[in-house]
1. Name the residue, out of 84, 96, that is more than 30 Å from residue 22 (Cβ to Cβ), modelled with pLDDT under 75, in a strand (DSSP E or B) and under 60 Å from the mean Cα position of the chain (by Cα).
2. If a residue has to be more than 60 Å from the chain's Cα centre (by Cα) and either assigned to a strand (DSSP E or B) or surrounded by 10 or more Cβ atoms within 10 Å (Cβ to Cβ) (or both) to count, how many in the range 99-112 make the cut?
3. Here is a check on your reading of the model: is residue 80 in contact (Cβ under 8 Å) with a residue 60 or more places away in the chain and surrounded by 10 or more Cβ atoms within 10 Å (Cβ to Cβ)?
4. Please go through the range 36-55 and pick out each residue that is over 13 Å from residue 71 (Cα atoms) and surrounded by 14 or more Cβ atoms within 10 Å (Cβ to Cβ).
5. Is it true that residue 67 is touching a strand residue (DSSP E or B) at 6+ places or on another chain (Cβ under 6 Å), surrounded by 10 or more Cβ atoms within 10 Å (Cβ to Cβ), at pLDDT 85 or above and not in a helix (DSSP H, G or I)?
């Protein structure tokens, strides 16, 4: 018969922690679209505009007066995000109960009976082989 014993062992279990950080790039260079406008007019007033500024020009008393004003419209800027993924693996020992099976030692009387059974089975098989050989001859 078999007797079982419970044995406690510590098995390392790996735990993985993944941390995702989103970094915002603070140095951004934005190239604005280039606008070139020219107006030729027989009038003494001229007006030009683009999404970033507007310009007025007028001739008065033989003098040219020109003004340039920037607009306060917001400019769309592309923000660049960088995702940094950090993986951290740590092995933590966890207590696990493991069942260990151990066979019981046979005593001398049981060993003798097993040996006698082996000899008996061997003898019967040997007699069957001799009987088959004798019958064929």
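The values are calculated or read from the model by the stated rules, or taken from the named source; none is laboratory data. Just so we're clear, the structure is a prediction, and the values are computed from it rather than from any experiment. Here Cβ is always computed from backbone atoms with ideal geometry, including for glycine, and neighbour counts include all displayed protein chains.
1. Working: 84 fails: more than 30 Å from residue 22 (Cβ to Cβ).
Checking each option against the conditions leaves just 96.
2. Keep residues of the range 99-112 that are more than 60 Å from the chain's Cα centre (by Cα), which gives 108-109, 112.
Applying the additional criterion that residues be either assigned to a strand (DSSP E or B) or surrounded by 10 or more Cβ atoms within 10 Å (Cβ to Cβ) (or both) yields 112.
Residues in the range 99-112 being more than 60 Å from the chain's Cα centre (by Cα) and either assigned to a strand (DSSP E or B) or surrounded by 10 or more Cβ atoms within 10 Å (Cβ to Cβ) (or both): 1 in total.
3. Numbers: in contact (Cβ under 8 Å) with a residue 60 or more places away in the chain: no; surrounded by 10 or more Cβ atoms within 10 Å (Cβ to Cβ): yes.
Here the answer is no, as residue 80 does not meet what is asked.
4. Result: 46, single match.
5. On the way: touching a strand residue (DSSP E or B) at 6+ places or on another chain (Cβ under 6 Å): yes; surrounded by 10 or more Cβ atoms within 10 Å (Cβ to Cβ): no; at pLDDT 85 or above: yes; not in a helix (DSSP H, G or I): yes.
No: the conditions fail for residue 67.
For every residue, the table says whether it meets (1) modelled with pLDDT under 80; (2) out of contact with any helix residue (DSSP H, G or I) (no Cβ under 6 Å at 6 or more places or on another chain); (3) outside any strand (DSSP E or B); (4) within 30 Å of residue 103 (Cβ to Cβ).
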{"site": "7", "(1), (2), (3), (4)": "yes, yes, no, yes"}
{"site": "13", "(1), (2), (3), (4)": "yes, yes, no, no"}
{"site": "17", "(1), (2), (3), (4)": "yes, yes, no, no"}
{"site": "21", "(1), (2), (3), (4)": "yes, yes, no, no"}
{"site": "31", "(1), (2), (3), (4)": "yes, yes, yes, no"}
{"site": "41", "(1), (2), (3), (4)": "yes, yes, yes, no"}
{"site": "57", "(1), (2), (3), (4)": "no, yes, no, no"}
